[in-house]
């Protein structure tokens, strides 16, 4: 059986959704909705099945070196620049394709109901399939050039899906913003590729990393520069400081899109990239610190912004930015496996939260303002319970949720790793308070209290089933890696140890670990309690805080995401538009226009001498002759 | 013999289409289509004959035709193809068919003469790509200019006369400068060796004294930079593109601009390596200027055709920096970029033409939300907008990134500026989509989606651009030997490279 | 009288004739008189040729004079024909009135 599974090629995993896209793109318009749904969902489902097969083979017969490579064809071959169109499956990719194809499948299934009445039904599934195909290419790519293909491809799909309801100009603006901002990050990443190729002479990830480890001294300038540039690409894609502004706006897309692309998969590509190129980062301690600082700062900033949002999807969007901040924090302190672990659990619970939010939005006739919701606990019990589990996992309620295990690992590493520091841990701990607070604020406002909206659509099986599966995963997904006092399961780190190095611990005292865990658990519960007191009990405190000048200013400031949009508008958008406006007539055209004008005025001056009178001409001839004669005689 | 046929078929076909046009416009259309198809088949058979074949010891030339023309003046009729010329000719054949197809309903007046001009332009372009005698080259250079001027001036839009005159003057002045340079080079060669000849092969390696070499080189450079076009002598292009009929814009973008790039690669650098080396910093920064300037101006336009025209300026800036980086990666990327820009920008012009036929405007402020009515056209436009912003999976990505990888060791600042140009490309490409197919619905009238003829045009374009993105080695393998022999002639212009 | 003196006097007369003709062309507006003035200028040139021929004893001067004579005849034929057309067209012989060829 194992051997049979091993004959299953890896390329099937991305090829099936790509095929689904092709079919839907070419004949999707003519297909009945049922068929479009079957093709769209089925292709991703088959891809998930293929993933299972590939994974089974990988686990039973671990390939030599921990990586299975499949070269499909030579993509580009120019002199020394040889890029294979080849896929590589190692433990890291395996986790990623598992998350992408399974969560992707559940979200596709959910979408068949969520998008059922939409005009662009088959178009939606075409884009979604294309996204899954590109995302799988990204994580399976054997070299950075091919990774870049997936990287840009998912950016395209993100653009297409954010602007899916294209007749609204605001959606189009959000979609363009997402594409352009991430492309700014991609520019940095492209320079990193250039440098790697110039020095290492290859873009093959493994070879380039091996070369760097061998040839670059730890802390060497080039390693730091490359690592920082890669970080630049990662912060663009993963919506981290300073390129985080696009993600909240990206919520303009349909909710399943937010769940798949802007929570579970694409936005975590930056984390994947850094994990994939960890060798360079290990050589560049300053860059590692930068990653950790970016992560810590982002998680605090976004956490604060999430506190005051009123749009349910924007709360979740800021929460996503914040959670990816945790992943960056983990990466920055060298807890590679923990970051990827959090990536996985986050994919489960955040996809769940978005999908549940989508069910609420659908039930309330596309209402997204949480203060117009309320009391939905009774009306939508299935959605309520799954949302509650998702929120608990997001808040990282101790022991019972997946989010706890992954976040705990990151926080412990932030304290105890050699690259860690107490203040990094403190940032994470404050973030935990914020997370617990805003996630339960959401639960209490939306599902408790008085009923405000009218529920006119109850979720069917195709919505409830993905919610249930993801809710289950949000709980049990964490049990693959547990702390020492709780069974000490190490399945996840055991799996990823072939691809990612272990944490370099500076502190190994388990008492410290337990004490810190207790502190974080306490902080988390405090956050939940605060949310309970402020939003579930009748309380005038939020209103009172908002009434103070500082409160009002802060709430506006956080609502706008710390004013980054306004800043970038001043710094980049307006100057660019101003320049474009200034140049629109093409000033260089003036040069040739001036030549033409000079010729024209010369022409009109000379043509005035051509007055049509013979006598004048004769006079001219006479004078000319006299002058000519004078010259001859006098010289 | 195929080489001569490649020129004769469109040349004679043009006369035939003219005569046929007096009887019936449709006859002229079908005849032109047949001629264009024959041309394409000829080009493809030529490619097939040399596909994957090893280049022999006789240099990169795959086929050569040589006849004396005016032996007293050392002028001979030399046609030859290497991998570079071959691909350009295949591109010419391919775009030629599209140009005939797109004119099918658009052109209603003086159909016969129109197709005659169209086919003669193709003949001229084919000649330019094959001529290896400088006099012969100059001859074809002018042959392609005149019918093109008529295409713009007679069948163009509102300001067609202005655009045609501007195009003619710019190109003619450039061409005359080149003629002066050709003569200067020939006389220098004659003074050195006593042999009066215009043959490229013999003129190669002519030692020209240093200040003179620079000026002679500059004559060639200006002629080709006008065609390319390089900022600041690009400004004939937006007008010509905007006012030309769709087929005219298509040929301009896809083929005529390539003759400029071809000239730089084939003539300027190999004939004047030292003088070209002194040009490198200028050319690189002119290229960057073109990339950024074209990108910003594309964003600022409201006329869709003008917008696409400025994207050409931006993309051809990459070609300029690619040529003057003169290393393997950059040069191969340049050729890739030439081919892919031809397909992608040509397609964007086709799309603009189709929109114009439907809604009779090119003003983007009056468009919006067209996807609702013409989803197929929107999808096609999306693909080529993505190609234009260099999305991986399209050939443009391969071209642009090969160039960038090639430029990087030569000049890092130029590379970073070029990458910023790619960001600018993202901005203007998305704007194309946003203002036309996305956004609030602005057109109330009912319009038809693409018909079979249009699908038959666009489908091959899409297939080719994606094919080039995923299997670029199909074409790289063909032009690689040609490029290598160029390196043999001029190993490097500047220090740097892999 | 030496040949040189002959030459000097003759050329002075020829020049005077030429200037008279030229002034005539410049100051008269009547096309007929302008034609006459041109004839005078032609004859001045012819006289110069004859004098020069006599001075060096060459026949070329006379040959050129005959040539000028013939040319003048042809010119008068064309000129008078044009003059007739002009007078029919504009009902005037004012040369300045016929300025349709101005730039």
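The values are calculated or read from the model by the stated rules, or taken from the named source; none is laboratory data. Computed from a predicted structure; not experimentally measured. Positions of Cβ are generated from backbone atoms using ideal geometry, with glycine treated the same way; all protein chains shown enter the neighbour counts.
Quick one: is residue A:316 under 17 Å from the mean Cα position of the chain (by Cα) and part of a loop (DSSP other than H, G, I, E, B)? Talk me through it step by step, then tell me what you get.
Working: under 17 Å from the mean Cα position of the chain (by Cα): yes; part of a loop (DSSP other than H, G, I, E, B): no.
Spelling it out, it is not the case that residue A:316 is under 17 Å from the mean Cα position of the chain (by Cα) and part of a loop (DSSP other than H, G, I, E, B).
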Within segment A:575-609, residues closer than 21 Å to residue B:310 by Cα and either in contact (Cβ under 8 Å) with a residue 60 or more places away in the chain or more than 7 Å from every other protein chain (Cβ to nearest Cβ) (or both) come out as A:575, A:576, A:577, A:578, A:582, A:585, A:587, A:590, A:593
Within segment B:171-212, how many residues turn out to be in contact (Cβ under 8 Å) with a residue 60 or more places away in the chain and within 14 Å of chain A (Cβ to nearest Cβ)? 1
Among (1) crowded, with 22+ Cβ neighbours inside 10 Å; (2) assigned to a helix (DSSP H, G or I); (3) at the interface with chain A (Cβ under 9 Å from one of its Cβ atoms) - the single one residue B:439 does not satisfy: (2)
For residue C:8, are the conditions met, namely being out of contact with any helix residue (DSSP H, G or I) (no Cβ under 7 Å at 6 or more places or on another chain), surrounded by fewer than 16 Cβ atoms within 10 Å (Cβ to Cβ) and at positive phi? no
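Counting only residues that are outside any helix (DSSP H, G or I) and surrounded by 12 or more Cβ atoms within 10 Å (Cβ to Cβ), which one in segment C:59-93 is nearest to the other protein chains (Cβ to nearest Cβ)? Full working, then the answer.
Restricting attention to segment C:59-93, the residues satisfying the condition of being outside any helix (DSSP H, G or I) are C:59, C:91-93.
Checking which are surrounded by 12 or more Cβ atoms within 10 Å (Cβ to Cβ) leaves us with C:92-93.
On the way: C:92: 14, C:93: 12 Å.
Result: C:93.
Just checking: which of the helices (runs of 4 or more DSSP H) contained wholly in segment A:230-283 hold 1 or more residues that are closer than 29 Å to residue A:126 by Cα and touching a residue at least 12 places away in the same chain (Cβ under 8 Å)? Quick ask: steps written out before the conclusion?
Values: elements: A:246-249, A:255-259, A:269-276, A:278-282.
Result: A:246-249, A:255-259, A:269-276.
Return the residue satisfying two criteria in turn: it lies in segment B:456-473 and is part of a helix (DSSP H, G or I) and either in contact with a strand residue (DSSP E or B) (Cβ under 9 Å, 6 or more places away or on another chain) or within 11 Å of chain A (Cβ to nearest Cβ) (or both), and of such residues it is farthest from residue B:332 (Cα to Cα). Walk me through how you get there before you give the answer.
Let us first name the residues in segment B:456-473 that are part of a helix (DSSP H, G or I), namely B:456-470, B:473.
Now restrict to residues that are either in contact with a strand residue (DSSP E or B) (Cβ under 9 Å, 6 or more places away or on another chain) or within 11 Å of chain A (Cβ to nearest Cβ) (or both): B:459, B:462, B:465-466, B:468-470, B:473.
Details: B:459: 26, B:462: 22, B:465: 17, B:466: 18, B:468: 13, B:469: 14, B:470: 16, B:473: 11 Å.
Looking at the filtered set, the residue picked out is B:459.
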Scope segment B:371-388; condition under 16 Å from residue B:295 (Cα atoms) and either surrounded by fewer than 24 Cβ atoms within 10 Å (Cβ to Cβ) or at the interface with chain A (Cβ under 8 Å from one of its Cβ atoms) (or both); matching residues: B:386
Can you name the number of the only condition in (1) within 14 Å of another protein chain (Cβ to nearest Cβ); (2) closer than 23 Å to residue B:289 by Cα; (3) touching a helix residue (DSSP H, G or I) at 6+ places or on another chain (Cβ under 7 Å) that residue B:168 fails? (2)
Just for helices (runs of 4 or more DSSP H) wholly inside segment B:229-268: which have at least 3 residues that are within 14 Å of chain A (Cβ to nearest Cβ)? B:236-243
Of all residues in segment A:175-207, which are under 18 Å from residue A:86 (Cα atoms) and either facing another protein chain (nearest Cβ under 8 Å) or at pLDDT 90 or above (or both)? A:193, A:197, A:201
Within segment A:180-201, identify whether any single residue is touching a residue at least 60 places away in the same chain (Cβ under 8 Å) and in a loop (DSSP other than H, G, I, E, B), and answer yes or no. yes
Does any residue of segment A:210-226 turn out to be buried (at least 24 other Cβ atoms within 10 Å of the Cβ) and either free of Cβ contacts under 8 Å to residues at least 60 places away in the same chain or within 22 Å of residue A:135 (Cβ to Cβ) (or both)? yes
Go through segment B:395-417 and count every residue that is more than 18 Å from the chain's Cα centre (by Cα) and either within 10 Å of another protein chain (Cβ to nearest Cβ) or not in a helix (DSSP H, G or I) (or both). 13
So in segment B:147-165, with the set limited to residues that are away from every other protein chain (no Cβ under 14 Å) and outside any helix (DSSP H, G or I), which one is surrounded by the fewest Cβ atoms within 10 Å (Cβ to Cβ)? B:158
On the given criteria, is residue A:153 touching a strand residue (DSSP E or B) at 6+ places or on another chain (Cβ under 8 Å), without any contact (Cβ under 8 Å) to a residue 40 or more places away in the chain and within 7 Å of chain B (Cβ to nearest Cβ)? yes
Which condition number in (1) within 8 Å of another protein chain (Cβ to nearest Cβ); (2) surrounded by 24 or more Cβ atoms within 10 Å (Cβ to Cβ) is the one that residue A:167 fails? (2)
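Which ones in segment A:165-179 are farther than 15 Å from residue A:153 by Cα and assigned to a helix (DSSP H, G or I)?
So the first thing to find is which residues in segment A:165-179 are farther than 15 Å from residue A:153 by Cα, and the list is A:165-174, A:177.
If the condition is that a residue be farther than 15 Å from residue A:153 by Cα and assigned to a helix (DSSP H, G or I), then A:169, A:170, A:171, A:172, A:173, A:174, A:177 are the ones that fit.
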Scan A:302, A:335, A:317 and give me the residue that is in contact (Cβ under 8 Å) with a residue 24 or more places away in the chain and farther than 15 Å from residue A:438 by Cβ. A:335
So residue B:368 fits all but one of (1) in contact (Cβ under 8 Å) with a residue 24 or more places away in the chain; (2) more than 9 Å from every other protein chain (Cβ to nearest Cβ); (3) farther than 24 Å from residue A:186 by Cβ; what number is the exception? (2)
Take segment A:50-86 and flag every residue that is closer than 16 Å to residue A:11 by Cα and within 14 Å of another protein chain (Cβ to nearest Cβ). A:71, A:72, A:73, A:74, A:75, A:84, A:85, A:86
All-but-one check, residue A:74 against (1) part of a helix (DSSP H, G or I); (2) without any contact (Cβ under 8 Å) to a residue 40 or more places away in the chain, failing number (1)
Helices (runs of 4 or more DSSP H) wholly inside segment A:373-466 containing at least 1 residues that are closer than 19 Å to residue A:298 by Cα and touching a helix residue (DSSP H, G or I) at 6+ places or on another chain (Cβ under 6 Å): A:381-395, A:402-416, A:422-447
